[in-house]
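Encoded as structure tokens, the structure appears first; notes follow it.
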Amino acid sequence: MQPQTTVILDNGASSIKAGLARGPEGDDDDQPKLVPNAIVRSKGDKTTYFGHQLERCRDYSALHYRLPFEKGYLVDWDAQKAVWDGVFSSEVLNVDTAESSLLITEPYFNLPNIQDVYDQFVFEEYEFHSYHRCTPAATIPFGRLFQAGGPSPPECLVVIDSGFSFTHVVPIINNQIQWYAVKRLDVGGKLLTNQLKELVSYRQWNMMDETYIMNHAKETCCYVSTRFFEDLETCRSNPKKNSIVQEYVLPNFSMNRHGHVRLPNEELSATDQVLHMENERFAIPELLFRPDDIGLEQSGLAATVAASISLLPDDLRGMFWANIGLIGGSTNFPGFYERLSSELLSHTPVEYDLQIYRSEDAVTEVYRSAIAFANDPAFSTHVVTREEYLEVGSNASRKKFPGWQSSSAPVDAEISKTTQESVMEDRGQPNRKPSRSRMRTTTAPGRRK
């Protein structure tokens, strides 16, 4: 019998979004517990913090991070176990793993050997009753991101997942990821933070050891420019006094004061240190759209989306252009949506409409979608039980969770006739009528904090 409680673990490389789904009639955790996915050593108070314990830290200067994820893959299992132990403990979820099911996310193109270790930890270390493992984008069709387009999710959609390590463009047909068309852009939140550290350290203060502070400065000050060269000229003509420059007051942990943007009439004390954020504000997020600025031989995000859709069946491409969703923390930059819409419009064929869906909280969108998936009556058919694992090992997971290894491109660049018919049956043909106003903006309904 399937347990009533399902542990939701959106296991990101930067943070874990954790909560409990208690069935269709239960009281779900609407807002996840956000847990840093790291072991952190503070040089200030000389204390080591495991995941959720970081909120107890009082001195965030010169933090040393030990990350379970490296280059997008989970490689340090000792560190990950230490973080998971805290998540499952009474301090966070307070859950009995042996009496619960688990829904956990994994990286795109995860390696088979790493997937086997997932199985070992879930069933041998924590002894979960059953579990389901999938990529973040695979949960999105069950959520509310595309709900504004109709009561049921579209059969064809594209998910842009811009996270900590990479940015992925993921096409989905009938809840199945089309792996042959998935594209990866090697720019994520970690690279942007590191780039900001280098720029600030070269121009102003040495901030190379201040990852936590600079990440907060990036999230607070940076934005995506829709007029990049004009903003660049504005900063060049008058570097210190213009409409773009902001003063970021560095934190003073001796006074328990965190970093913040200086207010217009705020007076500074003699001990306050200030970062002048000028063209760094928009030059850092610009890497998502122009990765060649730092020597990455890759196309920008808009061209990557167009390249992905071009690999999909001709008859379905209009539906993909009309159903593009945004998730991941790096999509939260102000101006990101407007810039992506503008650039994608130039790539969209004239006979198709362009529609982009965004969530009110792109960081927790996967978690909310995973809650909906776990409460779906069919969820029990998608899990591997501990008995099945003990009988045949990881082969049970390989059969139940079809991954990118078993996927291949359709013959003659088109999907099978039966799949096309099932997709077109209720939708009809894509809209091919030329439209003067081809782009519609939609914000998916979400739950506010």
Problem set entry | Cross-chain or 6+ apart pairs with Cβ under 7 Å, segment 236-258 first and closer than 21 Å to ALA270 by Cα, then of a type in the set (Gly, Ala, Ser) and surrounded by 12 or more Cβ atoms within 10 Å (Cβ to Cβ) | TYR248/ALA217; TYR248/GLY259; VAL249/GLY259; LEU250/GLY259; PRO251/GLY259; PHE253/GLY44; PHE253/SER61
For this session: Answer yes if at least one residue in segment 325-343 is of a type outside the set (Lys, Arg), over 25 Å from ASP186 (Cα atoms) and open to solvent by less than 20 Å² (accessible area, probe 1.4 Å), and no otherwise.
Result: no
For this session: Check off (1) open to solvent by 10 Å² or more (accessible area, probe 1.4 Å); (2) over 21 Å from the mean Cα position of the chain (by Cα) for ALA306 and give me the number that stays unchecked.
Result: (2)
For this session: Return the residue satisfying two criteria in turn: it lies in segment 324-352 and is touching a Phe, Trp or Tyr at 6+ places or on another chain (Cβ under 7 Å) and assigned to a loop (DSSP other than H, G, I, E, B), and of such residues it is nearest to SER152 (Cα to Cα).
Result: TYR352
Problem set entry | Considering residues of segment 1-22 that are among the aliphatic types (A, V, I, L, M) and in a strand (DSSP E or B) only, the residue surrounded by the fewest Cβ atoms within 10 Å (Cβ to Cβ) | LEU20
Problem set entry | Residues of segment 184-202 satisfying the condition of being open to solvent by 70 Å² or more (accessible area, probe 1.4 Å) and touching a residue at least 24 places away in the same chain (Cβ under 8 Å) | ARG184
For this session: Could you check how many residues of segment 51-84 are part of a helix (DSSP H, G or I) and either open to solvent by less than 30 Å² (accessible area, probe 1.4 Å) or in contact with a Gly (Cβ under 9 Å, 6 or more places away or on another chain) (or both)?
Result: 9
Exercise. Looking at segment 276-299, which of its residues are buried (at least 20 other Cβ atoms within 10 Å of the Cβ), under 22 Å from the mean Cα position of the chain (by Cα) and not in a helix (DSSP H, G or I)?
Worked result: ILE284, PHE289
Problem set entry | Breaking point among (1) under 14 Å from THR6 (Cβ atoms); (2) outside any strand (DSSP E or B), for LEU145 | (1)
Problem set entry | Residues (under 21 Å from THR135 (Cβ atoms) and either outside any helix (DSSP H, G or I) or open to solvent by less than 70 Å² (accessible area, probe 1.4 Å) (or both)) located in segment 387-403 | TYR389, SER394, ALA396, SER397, PHE401, PRO402, GLY403
For this session: Might you check whether a residue that is surrounded by 13 or more Cβ atoms within 10 Å (Cβ to Cβ), under 20 Å from GLN204 (Cβ atoms) and touching an Asp or Glu at 6+ places or on another chain (Cβ under 8 Å) occurs anywhere in segment 264-275?
Result: yes
Exercise. Does ALA307 satisfy being closer than 26 Å to ASN194 by Cα and assigned to a helix (DSSP H, G or I)?
Worked result: no
Problem set entry | Condition met for VAL261 (touching a Phe, Trp or Tyr at 6+ places or on another chain (Cβ under 7 Å), more than 21 Å from ASP161 (Cα to Cα) and either surrounded by fewer than 17 Cβ atoms within 10 Å (Cβ to Cβ) or modelled with pLDDT under 95 (or both)) | yes
Exercise. Checking PRO107 against (1) within 25 Å of the chain's Cα centre (by Cα); (2) surrounded by fewer than 20 Cβ atoms within 10 Å (Cβ to Cβ), which test does it fail?
Worked result: (2)
For this session: Output the residues belonging to segment 240-254 that are farther than 18 Å from MET214 by Cβ and either within 31 Å of the chain's Cα centre (by Cα) or open to solvent by 40 Å² or more (accessible area, probe 1.4 Å) (or both).
Result: LYS240, LYS241, SER243, ILE244, SER254
For this session: Answer yes or no as to whether TYR357 is surrounded by 18 or more Cβ atoms within 10 Å (Cβ to Cβ), modelled with pLDDT of 95 or more, within 27 Å of CYS134 (Cα to Cα) and out of contact with any strand residue (DSSP E or B) (no Cβ under 8 Å at 6 or more places or on another chain).
Result: no
Exercise. How many residues are buried (at least 20 other Cβ atoms within 10 Å of the Cβ) and out of contact with any Ser or Thr (no Cβ under 6 Å at 6 or more places or on another chain) if we restrict to segment 23-49?
Worked result: 5
For this session: Please find, within segment 214-233, the residue that is nearest to the chain's Cα centre (by Cα) out of those that are closer than 13 Å to PHE282 by Cα and open to solvent by 50 Å² or more (accessible area, probe 1.4 Å).
Result: GLU219
Seminar exercise, completed: Note on PRO153: of the conditions (1) in contact with a Gly (Cβ under 9 Å, 6 or more places away or on another chain); (2) under 22 Å from SER380 (Cα atoms); (3) open to solvent by less than 10 Å² (accessible area, probe 1.4 Å), unmet is (3)
Exercise. What number of residues in segment 95-108 are under 18 Å from GLN80 (Cα atoms) and of a type in the set (S, T, N, Q)?
Worked result: 2
Exercise. Which residues, counting only those in segment 85-104, are without any contact (Cβ under 8 Å) to a residue 12 or more places away in the chain and crowded, with 17+ Cβ neighbours inside 10 Å?
Worked result: none
Problem set entry | Residues located in segment 277-299, provided they are within 17 Å of ARG227 (Cβ to Cβ) and either of a type in the set (Val, Ile, Thr) or without any contact (Cβ under 8 Å) to a residue 60 or more places away in the chain (or both) | GLU278, ASN279, ILE284, ARG290, ASP293
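The values are calculated or read from the model by the stated rules, or taken from the named source; none is laboratory data. Model, not experiment: these values are computed from the prediction. Methodologically, a virtual Cβ is constructed for each residue, glycine included, from the backbone with ideal geometry; neighbour enumeration extends over all protein chains shown. Accessible surface is based on the protein model in full, side chains and every heavy atom, while ligands, DNA and RNA are left aside. Shrake-Rupley method; radii C 1.70, N 1.55, O 1.52, S 1.80 Å.
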